[in-house]
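Below you'll find the structure, written out as structure tokens, and then a few comments.
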Amino acid sequence: MPRAVTLIRSASLSSVAEYAYAATAPAEARLIFLAGACPLDEDGSTAAVGDYAGQAAKALENMRTALADAGAALHDVISTRVLVASPRQEDLVAAWEVVRDGFGDHDVPSTLMGVTVLGYADQLVEIEAVAAVLDS
């Protein structure tokens, strides 16, 4: 099945970034706007309390499920926003490394942000995403 998402890299910008700087999808693509994927277990409790990497992994797992329910997968994601409840750069990096590794070669354009607080008790990480698919 052909992919809708085309990642765009710029030789004019820093090569230090671990993601493509932009992405496109054709006009006929169906866009999927995901609510922030949270690190919640099936019973509604927060997974991996106190663990930035563990919560990023659980949020990514939950994102995979939401994408599958919408007929998509991680390689269909066109952009992400990773929210981390911490003022410490090392906490943001711990969460980011899990997200980056989870996407593998599909280095989708992403924004990594430190925030004051997230919505659930003990929540440290949330991942927003938009995906694009070509329906047959």
With all protein chains present, the chain has a carbon and sulfur share of its accessible area (1.4 Å probe) in percent of 52 percent
Regression test value, accessible area per residue of the chain, probe 1.4 Å, units Å², expected 54 Å²
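Is the C-alpha gyration tensor of the range 40-84 telling us rounded, prolate or oblate? Criteria: a/c under 1.5 is rounded; beyond that, a/b larger than b/c is prolate, otherwise oblate.
Note, shape of the range 40-84 comes out oblate.
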Mean 1/r over distinct Cα pairs of the chain, inverted to a Kirkwood Rh in Å, yields 15.3 Å
Per-residue accessible area, 1.4 Å probe, largest first, puts F33, F103 in the order F33, F103
GluC sites (Glu not before Pro) in the range 23-105 lying in a DSSP loop, each with at most 16 other Cβ atoms within 10 Å of its Cβ, come to E28, E42
To the nearest 10 degrees, the tilt of helix 89-103 (Cα long axis) against the first principal axis of the alpha carbons of the chain is 40 degrees
A chain fully extended from D69 to D122 at 0.36 nm per residue, minus the present Cα-Cα distance, gains in nm 16.4 nm
Rounded to the nearest 10, the angle in degrees between the Cα long axis of helix 52-69 and the longest principal axis of the Cα atoms of the chain comes to 40 degrees
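The values are calculated or read from the model by the stated rules, or taken from the named source; none is laboratory data. Computed from a prediction, not measured in an experiment: that's the story for all the values here. Reconstructed Cβ throughout: ideal geometry from the backbone, glycine too, with neighbour counts over all protein chains shown. Heavy atoms of the whole protein, side chains included, go into the accessibility calculation; ligands, DNA and RNA do not. Shrake-Rupley method; radii C 1.70, N 1.55, O 1.52, S 1.80 Å.
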